[in-house]
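Before any comments, here is the structure.
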Amino acid sequence: MRIAVVGTGYVGLVTGSCFADLGNVVTCVDVDHKKIQELKKGKVPIFEPGLEETIRRNRNKRLFFTTDLGKAVQTSDLIFIAVNTPQGKNGEVDVTNVMAVAKGIAKSINRYKIIINKSTVPIGMGDIVTQILIKQGPKDVSFDVVSNPEFLREGSAVNDLLRPERIVIGATRRSAAQKVAEIYKPLHSPILITDLKSAEMIKYASNAFLAMKISYINEIANLCDKVGADIVQVTKGMSYDSRIGSQFFNSGLGFGGSCFPKDVAALVQIGKVNHSPFRILPEVLAINQNQRKLFLEKVSQAVGNLWGKTLAIWGLSFKPNTDDMRQAPSLTILPVLLAKGAKLKAYDPAAMGKAKALIKKVKYCRNPYEAAQGAEAVLVLTDWNEFKQVDFQKLKTIVKQPILVDGRNMYDPQEMAEKGFAYHGMGRGEVSQF
Ligand code: UDX
Ligand code: UDX
């Protein structure tokens, strides 16, 4: 099919290039001229495993890039809106970008089209887009508006799109939903067709549930710290119950990214304005922010007064396998350490380019060992696999003190003790003798 995808960010670019990979003719649109110029030359502006090859395979064959929204609308049958929907000042969703694109579509629509909201939008946004098209579009042209929320995790977005556990499509008319479903047919994944509002709700309810699961296990981890239990053993014991499962049970610094913090705050706001306020979700956010504070307390306990001391920072991105710094714990932790007079040497496999613009007065290093050189402690903020293969015997010879504060519980306390490191996890209990 001929598809336009508006917005070439983490979601739009993955969506557009994978749709092309599935055999559709896709035009990706963006207002950012520089980004489009780069993409036309095959340069990918974000780090996302598998994205570069997918774009290279399809560019100029079935995948095209433009800043001309009107032309893309007129030459497509399906138009996906995948622009960012950032958090407003008091938690509400800023839908300015979605509205702008809807207006742009209304101005250029020339025959029947299906407009699909891929971006995470508040419940009811489908109706608002419909109203914009009725009021500002040509009277004699019909259209359908569909909700097709994305469930892509950064760092595995291409895989998540091509091997989805479910496709959710919300529409007023079933025929429109079935047309959108055709794109996903080759994936042989379960396809759920609902009304617009239920599809929009599924997205928020899913993200908020996952965020809640993380904050829940972080509270259990904090209690483990006090009573001397090991949260990794606790979650392992819990996970055998299939109703609980083992996924999304990694305790530590908590969640960041462009989705969880924003989507949970949005749902709190949506609850408020619809007279069904959430009690649990504000706590999910408060617990999450507090994890950064608890980590900083651990650093002070482990190192003492930070003034003039060198600290190694391993990991800056909000999660492994991405260069995305949005709401990353490093953005709150590093400024506090600097304010306490610490000297910071940081390393991240992918995010340093973006981090340099956000966090100044940090020495950015080429590898974890260079960052650890002369450090009073190594602080792990992102659980990159690269940090699992570190040679701790070598590390011991280059740090000033063998102290490791593990914000992602990625190491085993027993092994670290045997390697001669003073290990501080988030709820890892005492080092057991057995
Ligand atoms: C995605 C989803 O769209 C959003 O709903 C979710 O909450 C976060 O992830 P994302 O792809 O991460 O957003 O946004 P971003 O990486 O900022 O890319 C958005 C792109 O849209 C940018 O390239 C921006 O230039 C473009 N854009 C924005 C337009 O093309 N037109 C606009 O009017 C506004
Ligand atoms: C999330 C949802 O998983 C995805 O379905 C949705 O479409 C977009 O938002 P993403 O934010 O890209 O994806 O990454 P995810 O892997 O979900 O991690 C989110 C945050 O939670 C990260 O900061 C990660 O460090 C943290 N996390 C994740 C934990 O703290 N513990 C875990 O067990 C898992």
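The values are calculated or read from the model by the stated rules, or taken from the named source; none is laboratory data. Since this is a predicted model, take the numbers as computed values, not measurements. Using ideal geometry, Cβ is built from the backbone for each residue, glycine included, and neighbour counts are taken over all protein chains shown. Ligands, DNA and RNA are excluded from the accessible area calculation, which covers all protein heavy atoms including side chains. Shrake-Rupley method; radii C 1.70, N 1.55, O 1.52, S 1.80 Å.
Numerical summary
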{"quantity": "Residues of the range 124-136 satisfying the condition of being farther than 19 Å from ALA266 by Cα and open to solvent by 10 Å² or more (accessible area, probe 1.4 Å)", "calculated": "THR130, GLN131, ILE132, ILE134, LYS135, GLN136"}
{"quantity": "Test: residue in the range 75-86 that is open to solvent by 10 Å² or more (accessible area, probe 1.4 Å) and in a helix (DSSP H, G or I)", "calculated": "no"}
{"quantity": "Unmet requirement for LEU210, which otherwise passes all of (1) among the aliphatic types (A, V, I, L, M); (2) open to solvent by less than 30 Å² (accessible area, probe 1.4 Å); (3) closer than 22 Å to ASN321 by Cβ", "calculated": "(2)"}
{"quantity": "In the range 376-394, the residues that are outside any loop (DSSP other than H, G, I, E, B) and open to solvent by 20 Å² or more (accessible area, probe 1.4 Å)", "calculated": "ASN385, GLU386, LYS388, GLN389, GLN393, LYS394"}
{"quantity": "Test set (1) loosely packed, with under 15 Cβ neighbours inside 10 Å; (2) within 16 Å of ligand 2 (Cβ to nearest atom); (3) acidic (Asp, Glu) - GLU150 fails condition number", "calculated": "(1)"}
{"quantity": "Residue pairs meeting the criteria (Cβ under 8 Å; at least 6 apart or on separate chains; first on the phi > 0 side of the Ramachandran plot and at pLDDT 95 or above, in the range 233-262; second more than 11 Å from ligand 2 (Cβ to nearest atom) and open to solvent by 50 Å² or more (accessible area, probe 1.4 Å))", "calculated": "GLY254/GLN289"}
{"quantity": "Leading residue by the ranking (surrounded by the most Cβ atoms within 10 Å (Cβ to Cβ)) among those in the range 6-47 that are outside any helix (DSSP H, G or I) and within 16 Å of ligand 2 (Cβ to nearest atom)", "calculated": "GLY7"}
{"quantity": "Scope the range 259-268; condition open to solvent by 10 Å² or more (accessible area, probe 1.4 Å) and in contact with a Pro (Cβ under 8 Å, 6 or more places away or on another chain); matching residues", "calculated": "LYS262, VAL268"}
{"quantity": "Selected residue (criterion: farthest from the chain's Cα centre (by Cα)) from residues of the range 377-434 that are closer than 19 Å to GLY315 by Cα and of a type in the set (Val, Ile, Thr)", "calculated": "ILE398"}
{"quantity": "Residue within the range 156-173 that is closer than 23 Å to PRO45 by Cβ, within 13 Å of ligand 1 (Cβ to nearest atom), of a type in the set (S, T, N, Q) and out of contact with any Cys (no Cβ under 7 Å at 6 or more places or on another chain) present", "calculated": "no"}
